[in-house]
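Enquirer: Quick one: this structure, given as structure tokens, is what I'll be asking you about.
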Amino acid sequence: MVDDDIAFTEMLCDQLERLGYEARRANYLADGLRMAEHQDIGVVLLDVQMPDGNGLDFLPKFKNAGASPEIIIITGKGDADGAELAIRSGAWGYIEKPDVVREIKLNISRVLAYRQEKEKARTKAIFLKKNNIIGNSPALESCLNQIASYAISDINVLLKGETGVGKELFARAIHENSTRSRNNFVIVDCASLPETLAESILFGHEKGAFTGAEKNYPGLLSQADNGTLFLDEVGELNLDMQKKFLRALQEHRYRPVGAKAEEASNFRLIAATNRDLTRMAETGHFREDLLFRLETAAIVLPPLRNRLGDIDALVVHYFKEITGRYGIDPKGFSPDFLLALRSYSWPGNVRELINTLEVTINNAFHEPIVYARHLPETIRVHSVRKTVAGDKSAKKAESGPPALLEAVDSLPPYREFRDNILHAAEQDYLLKLMKQARGSIKLACEIAGLGRTRLHNLMKKHNISRFGTF
């Protein structure tokens, strides 16, 4: 228990010990965090207003410490905004102190039961068919645990993440670990569906239904019967197609173009997006009722910059794959090569890393060891600038939006470039907004013209506290 009220913590710890639990207490956030990092702590009861900071700001640190404990916020000053932010930041619950004595026994028993089930899911994750998902970082392991949990059911799953994080790999992993693994995994690239043919491609058509329909076509929903339908970049579907697909998702029945009778398809849906579907629903660009259906279970896939510990394993795996494809001898790599890779932010994520490794191996084609000098120039420049002390322009580039001018042969796709710029600008705006509002969600909403839910979602997206810090 982390609370500066000594009498209260003594009383509650005594009560917990009478219930058969081991209880520890700390009166400062720093002391509590050290305890969580070095002891096998299962649950943290965390106060908000502490002498050395705000408990909500420390919540992610406690969650990632030691045994990854569950967090229950306990506060003497109930605050609806604080409660919402706590839950969105991953807290198990939020209890006001007058209710603690009555509610703590039930909350503790539930949270420990949940941890037991989560441990079972973690054990299952060890035996997952990972489908070339490489790494063992905490961020990746968390996603794999969710896959282990969702794969055994037929619930809809929405994969959220930036371009290049490997959404199709994770979708395949869910399918291959499910009871549907022997049936079709059907991919629908919503971004490339022609509007005039989307209905026909998804639902199929009868011969003669339109010009060019020279024979019956079963459609992708038919092909996914008893298997998995993967809607990649689902945010690209137009509103009319969203409406038609929603009915097919609800009823698992649809009518092919030109057909008189409906057909059935027992498909399991996995969707993926790199867009903010909640924001799109608020602006009328995505159907809210379809969003509710898609978000039955959601997995947020981490960007590569949040799992840099997986770089070494990814390099080993893709070096072997790429050299095998080229028919050349396996290559080793130097420490400076790995250091340069770890120092880069990877806006294009794993996809960018794979492309970089392919270029690097090509640059070192006849050499047995790969060095940093074999990397593309943009990554080498980025690495050097980070290591040069006192380079003010480098520091500015690292804290602000992505560089606008790069070598012509290394420009990213326009959408990726635009998204990176907007992400950095949005993050900078939120930091300044919350500092100006001095932690007041209400004032921040008034300044920005945003609703509370939208603001909390943005703060969660960028990992920004209500006081304008990371």
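The values are calculated or read from the model by the stated rules, or taken from the named source; none is laboratory data. Predicted, not measured: the structure shown is a model, and the values here were computed from it. Quick reminder, even Gly has a Cβ in these numbers, built from the backbone with ideal geometry, and neighbours come from all protein chains shown. Quick note on the areas: whole protein, heavy atoms, side chains included, nothing else; ligands and nucleic acids left out. Shrake-Rupley method; radii C 1.70, N 1.55, O 1.52, S 1.80 Å.
Enquirer: Could you run through segment 290-323 and say how many residues are within 30 Å of ARG279 (Cα to Cα), part of a helix (DSSP H, G or I) and open to solvent by 20 Å² or more (accessible area, probe 1.4 Å)?
Expert: 5
Enquirer: Additional query: Which condition breaks for GLY66 when tested against (1) under 22 Å from the mean Cα position of the chain (by Cα); (2) assigned to a helix (DSSP H, G or I)?
Expert: Looking at each condition in turn, GLY66 falls short on (2).
Enquirer: Can I ask one more? Counting only residues that are of a type outside the set (A, V, I, L, M, F, W, C), under 16 Å from ARG380 (Cβ atoms), out of contact with any Phe, Trp or Tyr (no Cβ under 9 Å at 6 or more places or on another chain) and open to solvent by 50 Å² or more (accessible area, probe 1.4 Å), how many does segment 329-347 have?
Expert: Looking only at that region, the number is 3.
Enquirer: Identify, please: which residue in segment 138-194 is over 19 Å from THR273 (Cβ atoms) and in contact with a strand residue (DSSP E or B) (Cβ under 6 Å, 6 or more places away or on another chain) and is, among those, least open to solvent (accessible area, probe 1.4 Å)?
Expert: My answer is ARG180.
Enquirer: For residues that are part of a loop (DSSP other than H, G, I, E, B) and of a type in the set (A, V, I, L, M, F, W, C), scanning just segment 11-35, find the one that is surrounded by the most Cβ atoms within 10 Å (Cβ to Cβ).
Expert: ALA23
Enquirer: Turning to a different aspect of this structure: Go through the residues of segment 110-123 one by one and say whether even a single one is surrounded by 14 or more Cβ atoms within 10 Å (Cβ to Cβ), touching a Leu at 6+ places or on another chain (Cβ under 8 Å) and not polar (S, T, N, Q).
Expert: Looking through segment 110-123, none of the residues is surrounded by 14 or more Cβ atoms within 10 Å (Cβ to Cβ), touching a Leu at 6+ places or on another chain (Cβ under 8 Å) and not polar (S, T, N, Q).
Enquirer: Looking at ARG325, is it in contact (Cβ under 8 Å) with a residue 40 or more places away in the chain and out of contact with any His (no Cβ under 9 Å at 6 or more places or on another chain)?
Expert: no
Enquirer: Going by the structure shown, is TYR326 open to solvent by 60 Å² or more (accessible area, probe 1.4 Å), modelled with pLDDT of 85 or more and hydroxyl-bearing (Ser, Thr, Tyr)?
Expert: yes
Enquirer: Right, here's the next one. Out of segment 257-292, which residues are over 30 Å from GLY451 (Cα atoms) and in contact with a Leu (Cβ under 9 Å, 6 or more places away or on another chain)?
Expert: Answer for segment 257-292, where residues must be over 30 Å from GLY451 (Cα atoms) and in contact with a Leu (Cβ under 9 Å, 6 or more places away or on another chain): GLU263, SER265, PHE267, ARG268, LEU269.
Enquirer: Here's another thing I want to ask about it. With the condition kept exactly as written, say whether any residue in segment 62-70 is modelled with pLDDT of 90 or more, out of contact with any Asp or Glu (no Cβ under 8 Å at 6 or more places or on another chain) and open to solvent by 40 Å² or more (accessible area, probe 1.4 Å).
Expert: no
Matching residues to (1) modelled with pLDDT under 95; (2) under 20 Å from ALA297 (Cα atoms); (3) part of a helix (DSSP H, G or I); (4) of a type in the set (D, E, K, R):
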| position | (1), (2), (3), (4) |
| --- | --- |
| ASN107 | yes, no, yes, no |
| ARG122 | yes, yes, yes, yes |
| LYS130 | yes, yes, no, yes |
| SER142 | yes, yes, yes, no |
| SER149 | yes, yes, yes, no |
| ASP154 | yes, yes, no, yes |
| PHE170 | no, yes, yes, no |
| ALA191 | yes, no, yes, no |
